[in-house]
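The values are calculated or read from the model by the stated rules, or taken from the named source; none is laboratory data. As the structure is a prediction and not an experimental result, all values here were calculated from the model. Cβ placement follows ideal geometry from the backbone for every residue including glycine, while neighbour counts extend to all protein chains displayed. Calculation scope for accessible area: heavy atoms of the full protein, side chains included, ligands and nucleic acids excluded. Shrake-Rupley method; radii C 1.70, N 1.55, O 1.52, S 1.80 Å.
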Amino acid sequence: MAHVIAVAGKGGVGKTSLTGLLIQNLCRKGKQPLLAVDADANSNLNEVLGVEVKETLGDIREELERAGMDMNSKIPANMSKQDYLEMRLSDALAEEDDFDLMVMGRTQGEGCYCFVNGLLQTQIQKLQYNYPYIVVDNEAGMEHLSRGILPKIDTLILVSDCSRRGVQAAGRISRLAAELRMQPKTMGLIVNRAPQGKLDAGTEEEIQKQGLKLLGVIPQDDTVYHYDCDGRPLVELPDDNPVRQAMNQVIESLGL
């Protein structure tokens, strides 16, 4: 069964950027094939990784919704409805050399995300035996954890910026994980976008107050900002980039 790494935290703290660097680091170490999961409805992990995504689970949900009673007309004569659905779900898996990427995506119309969440849960449970590692970029908040979409979590990485609100959000997620008895083997906090790679006293105080283990501090870096503005994948950052180097140190400390 795969080693499941979940990345969670408040919105806008850079979870997806760090998740992309984590995925690339593991692949470089030979931990492939790896399944990368973008479990955020506002998906952009593919942009960080430089991968084109043609289908998302949300797209398939919309197709099923539009088809309604006409679904039978879309199914080839020699194929069952279940086989057709399995085929369409496999289309939502973007295959790269070292990893595969599955994107939750969003629904286009009104309504909740229950059905798409259900598809995501089913696919992860089915695929977890095919990969040594599964890395999940979670949505901002705690819904995927509380709904039990992931079959288990071996490593829970919480991400915050230097704000107290970000650290408090990470603290709430860690307490939820304890309440749900997830019992990850490793759980800790990465503070992202720290000026000069250093924490001020207020941030350190809040980390201690929340009872969080600090895994590492990622410096604020103009290169990351410019890559983002230019639409360049962050996995193209040079090896000597301080953000990449700091993230590599965190991954080494986790023993991944």
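So here's what we get for this one:
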item: Long-range neighbours under 7 Å by Cβ, at least six apart or interchain, first residue closer than 14 Å to Met102 by Cα within region 39-67, second open to solvent by less than 40 Å² (accessible area, probe 1.4 Å) and basic (Lys, Arg); result: Ile60/Arg88
item: Filter result (surrounded by 14 or more Cβ atoms within 10 Å (Cβ to Cβ) and either β-branched (Val, Ile, Thr) or out of contact with any helix residue (DSSP H, G or I) (no Cβ under 6 Å at 6 or more places or on another chain) (or both)) within region 160-170; result: Asp161, Ser163, Gly166, Val167, Gln168, Ala169, Ala170
item: Residues (open to solvent by less than 100 Å² (accessible area, probe 1.4 Å) and either modelled with pLDDT under 95 or of a type in the set (A, V, I, L, M, F, W, C) (or both)) located in region 203-225; result: Ile207, Leu212, Leu214, Leu215, Val217, Ile218, Val224
item: Identity of the residue in region 124-140, closer than 21 Å to Gln183 by Cβ and assigned to a loop (DSSP other than H, G, I, E, B), that ends up modelled with the highest pLDDT; result: Pro132
item: Test: residue in region 236-245 that is among the β-branched types (Val, Ile, Thr) and farther than 20 Å from Leu26 by Cβ; result: no
item: Residue within region 30-51 that is within 14 Å of Tyr133 (Cβ to Cβ), in a loop (DSSP other than H, G, I, E, B) and either of a type in the set (Gly, Ala, Ser) or modelled with pLDDT of 95 or more (or both) present; result: yes
item: The listed residue being over 16 Å from Gly12 (Cβ atoms), open to solvent by less than 10 Å² (accessible area, probe 1.4 Å) and modelled with pLDDT under 95, out of Ile149, Ile173, Ile157; result: Ile149
item: Some residue of region 191-198 being open to solvent by less than 40 Å² (accessible area, probe 1.4 Å), within 17 Å of the chain's Cα centre (by Cα) and of a type outside the set (Asp, Glu); result: yes
item: Selected residue (only one of Asn130, Asn138 is under 30 Å from Arg88 (Cα atoms), in contact (Cβ under 8 Å) with a residue 60 or more places away in the chain and surrounded by fewer than 17 Cβ atoms within 10 Å (Cβ to Cβ)); result: Asn130
